[in-house]
Amino acid sequence: MDIDTLELTAEETAFREKVRSFYAEHLTPPLRRAAELTSWTFAEFEYGRQWQKILYKAGWGAPHWPVEYGGAGFTPRQRLIWELETARARPPEVMRMGRDYAAPCIMRFGTDEQKQFFLPKIIAGEDWWAQGYSEPGAGSDLASLKLSAVSDGDEYLLNGSKIWTTFAQHANRIFMLARTANMEKKQQGITFLLVDMNSPGIEVRPIINIAGEHEFNEIFFTDVRVPKSRRLGQEHEGWAVARYLLLFEHGAGIARSAAELKRRAGWVREIASLEQDGCGGALLDDPDFSRKLGLLEIGVEAADFAADQVIIAAAAGSAPGFEAELLNIRCRELDQSLTELAMEAIGYYAAPDQREARFVEPRTDAIGPPHVLTPTPIFFAQRGATIAGGTPDIHRNNLARHLLD
Amino acid sequence: MRYAWTEEQTLLRGALERLFAERFSFPDRSKQPNQYVAQAAWRELAQLGVLGLPFEEQFGGSEGGALDTALVMEALGRGLVPAPYIPSIVIGGGFLRYAGPSALKAELIPRLIAGDLHLALAFTEAQSRFNPANVATSAVRRGDRYILSGQKIVAYNAPIAGFLFVTARTGGAHTDLDGVSLFLVSVDAAGLEVRSYETADEYSAADIRLNGVEVAVGHLIGEEGKAIDLIERVLDEAIVAACAEAVGAMAALNARCVEHVRTRVAFGQTLSKFQALRHRIVDMHVAYEQAGALTLKAALSLSAAPAHRARIVSACKAQVCQEAAFVGKAAVQLHGAIGVTDELDVGRYFKRIMLFQHVFGGADYHLRRFLALSR
């Protein structure tokens, strides 16, 4: 949706101006650059951290939280305006696992002590959470996870490993799923734990992603002791917490990916306007290229409108459902096609390995004009978009069950 | 690639495959810098006589043909070996063979075959996209020298080359076919600035600035202003070599994927039991067969008349680009998260395949060239 097509009341216009001037004042060039350089999910950590602290100071550290925990108390319309203005301003993407995933679960399943201890540190940008879900033998089939938590007095003893933990190198805490029992169904006997990353026995191994960035990690747990007071929800019943969390993970995905798609399409168009066709014209005027771009732009228009309907329905209190999952498949595929087209547009300049130039403070000078710096790593990193959060094959199986069985 | 290879060719394919598997396979390979791997591979290729394959016997070569080059490139692609065979041997060697003055040939070819010399082609410019006749770099004759001025981008292998083949305009307008000349330029020439870097497909390349570089008349390759036919011919050979490399990478990815889906368990069964994935594996093999067939057909057409040769070569590039991209994306997807890391070779094959898309022209460019020559 485009904010300029919304009919705003005088109050809403004032609110929009307030949000706009906040972004205009606080989004400094380094913070903007951090957003532009983001090839996968999150901006360079230090800039995401700075941004969360700025948001917190303004009272917008977690606008969607209930007011009692520091939420902004937006009306649904204000929430929409906030989201649209945020997409337009493009702040750095904050490492969101604490604020957007762990926090709602702590609010729903946590004890008063847990709420009082964790939530203020999350919203203030003091605590940073990693997500300990996947294991070497449990990816899309998450419930087959094996990391064991053995009860020992008022502690659990953890052994095993987690993998693909995005930005765990920056996290001081991790929420994770561990097996406390082998029961009849594999979804039973799983327990949800809130663990300090500095616990003795935790070792983090970096995994460099295909774009050359330190995105993922493997985390090894060897006799790690976790107090039972750090359990979220009931013992053996962590799957319920995990499912609740997935609602937020996937729900957030739609709003974000539709906004991101529009921006991405504009980005490809801009790149193509800066490139030449080799025969004296602009690449954007090349009939083969512009046809491919046009078809994708039409797909983006459709997905964007459909996503708005899902978001509006969600704001009224319904969980994202079947249609969101359908839409999600198409959004991810469109985004991958757009990133591929961006790389195609820059031709030979797709080749230089520029990982050292892609920091907010670059470690080497960039090769070529500015617009060729990011298409290649963004294309490669975004291949993960159809892997993280379940492959399209898994989602198609779910949807086929819904449609056919 | 399926073909009635001769006994000698079969032996060479086997030898290369064993060598690359023993010396340069993952995960050990991932711990070594690309340039180290490239150098080690180059020494091995020199010892096997592979660097001399296309050259005349009088210089120490073995006068092999396009199929020999294709089988070497297929093996390099399958082994993911970043050896710069295309810029040094296929392109650099090709220019020398077809148009090199005899003194230069006698001086340079034996060094190439011994593995002591690398070559590179600097022909792409910021505005040229895939059109080799789009040349803004100028060459002005002054006495017994030419003065070259301009800029080139992404010249593969230039960082380690002793000489660069540089295209420059001696006449005609910006994109005219006439007026393009080819020069052999020493990397030590005054006024030559080389900005080197590694590429995402594990080779090296450079952006080059020529600030009034002086080149002796004797280093003009071919006729002044008439180099475009020579360039097209050698680029067509390079395209087939690059396609063979991509086909080798596709073969390796298909093998990795078959192994992976047979062993990886999810939801209580191996991935190989899921029909959607079974079909995808089959489609990947169909793509490989198509790409391999067109590559061999194109290799056999390289000695044909230019228009016929160019038409088949462009058909090949247009198709192999698409088939290879399909296989690469599917292979990453089938492997899940480990496919989008730098740790497994699958991601590296994928990067090579995706950058191959652009090299010597993308699918759209070659589809149009094919259509133009089909009229």
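Nothing in this text is a laboratory measurement; each read-out follows from the coordinates by a stated rule. Quantities reported herein were computed from a predicted structural model and do not represent experimental measurements. Neighbour counts run over all protein chains shown; Cβ positions are idealised from the backbone, glycine included.
Here is how the numbers come out for the structure above:
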{"quantity": "Those GluC sites (Glu not before Pro) in region B:56-128 that DSSP places in a loop and that have at most 14 other beta carbons within 10 Å", "calculated": "B:56, B:63"}
{"quantity": "Sequence ranges A:240-246, B:244-250, ranked by mean other-Cβ count within 10 angstrom, highest first", "calculated": "B:244-250, A:240-246"}
{"quantity": "Dimensionless Rg ratio for region A:201-304, taking C-alpha atoms and the 2.2 N^0.38 Å reference", "calculated": "1.79"}
{"quantity": "Taking N as its residue count, the alpha carbon Rg of region B:21-105 over 2.2 N^0.38 Å", "calculated": "1.18"}
{"quantity": "Size of electric dipole in chain A: Cβ of Lys, Arg +1 and of Asp, Glu -1, about Cα centre, debye, nearest 20", "calculated": "840 debye"}
{"quantity": "Whole-number D in µm² s⁻¹ for region A:323-365, Kirkwood Cα-pair radius fed into Stokes-Einstein, 10 °C, 1.306 mPa s", "calculated": "125 µm²/s"}
{"quantity": "Distance histogram in 5 Å bins (all Cα pairs of region B:149-241, percent per bin)", "calculated": "3, 13, 21, 23, 22, 13, 4, 0"}
{"quantity": "Positive dipole terminus of region B:212-345, leading residue within B:326, B:276, B:304 (C-beta point charges)", "calculated": "B:276"}
{"quantity": "Reachable lysines from residue A:115, criterion Cα separation under 16 angstrom, eight or more residues apart if same chain", "calculated": "A:228"}
{"quantity": "Residue-averaged beta-carbon neighbours from other chains (10 angstrom radius) around B:338-350", "calculated": "5"}
{"quantity": "Cβ-based charge dipole, region B:23-170, positive-most Cα from B:62, B:42, B:122", "calculated": "B:122"}
{"quantity": "Cα centroid separation, region A:348-405 to region B:1-49 (Å)", "calculated": "31 Å"}
{"quantity": "Chain A: mean projected area of Cα convex hull, nm²", "calculated": "21.5 nm²"}
{"quantity": "Spatial separation of Cα centroids for region A:22-74 and region B:220-258, in angstrom", "calculated": "48 Å"}
{"quantity": "For region A:31-133, alpha-carbon Rg relative to the globular expectation (2.2 N^0.38 Å, N residues)", "calculated": "1.07"}
{"quantity": "Relative frequency of Cα-Cα separations exceeding 16 Å in region A:1-71, percent", "calculated": "62 percent"}
{"quantity": "Over 40 Å [Cα-Cα, chain B], rounded percent", "calculated": "14 percent"}
{"quantity": "DSSP bridge pairs, the protein assembly as shown: antiparallel proportion in percent, nearest 5", "calculated": "85 percent"}
{"quantity": "Chain A - share of DSSP beta bridges that are antiparallel (%, nearest 5)", "calculated": "85 percent"}
{"quantity": "About the Cα centre, charge dipole magnitude for region B:246-375 (Lys/Arg +1, Asp/Glu -1 at Cβ), debye", "calculated": "320 debye"}
{"quantity": "Proximal lysine pairs, region B:206-331, alpha carbons under 29 Å, eight or more residues apart or interchain", "calculated": "6"}
{"quantity": "Relative contact order of chain A, defined on C-alpha pairs under 8 angstrom at six or more residues apart (%)", "calculated": "14 percent"}
{"quantity": "Average beta carbon contacts from partner chains per residue of A:352-359, 10 Å cutoff", "calculated": "4"}
{"quantity": "Column: log10 I(q)/I(0), Debye, Cα scatterers of the protein assembly as shown, q = 0.07 Å⁻¹", "calculated": "-0.57"}
{"quantity": "Average Cα contact separation per residue, chain B, under 8 Å, 6 or more apart, as relative contact order %", "calculated": "16 percent"}
{"quantity": "Region A:84-152: trypsin sites (Lys or Arg not before Pro) in DSSP coil with no more than 15 other Cβ atoms inside 10 Å", "calculated": "A:146"}
{"quantity": "Debye, to nearest 20: dipole size of the protein assembly as shown, +1 on Lys, Arg Cβ, -1 on Asp, Glu Cβ", "calculated": "740 debye"}
{"quantity": "Relative packing of peptides B:219-231, A:126-138, B:112-124 - highest average C-beta neighbours within 10 Å first", "calculated": "B:112-124, A:126-138, B:219-231"}
{"quantity": "Per-residue [θ]222 nm for the protein assembly as shown (sum of -39500 (n - 2.57) over DSSP H runs n ≥ 4, rounded to 500)", "calculated": "-16000 deg cm²/dmol"}
{"quantity": "Global form of region B:1-149, assessed from the alpha-carbon gyration tensor, a/c cut-off 1.5", "calculated": "prolate"}
{"quantity": "Relative contact order (percent, whole number), region B:130-235, Cα cutoff 8 Å, 6+ residue spacing", "calculated": "33 percent"}
{"quantity": "Anchor residue A:146: lysines whose Cα lies under 17 Å away (excluding residues fewer than 8 positions away in-chain)", "calculated": "A:162, A:185, A:186"}
{"quantity": "Cα-only Debye scattering, region B:203-330: base-10 log of I(q)/I(0) at q = 0.15, 0.19, 0.21 Å⁻¹", "calculated": "-0.82, -1.02, -1.12"}
{"quantity": "Dipole-positive endmost among A:244, A:222, A:283 within region A:197-284 (Cβ charges, Cα centre)", "calculated": "A:244"}
{"quantity": "Cut-off 15 Å between beta-carbons: net charge of the residues surrounding residue B:105, Lys and Arg +1, Asp and Glu -1", "calculated": "-2"}
{"quantity": "P(r) weight above 23 Å for region A:286-405, C-alpha pairs, percent", "calculated": "48 percent"}
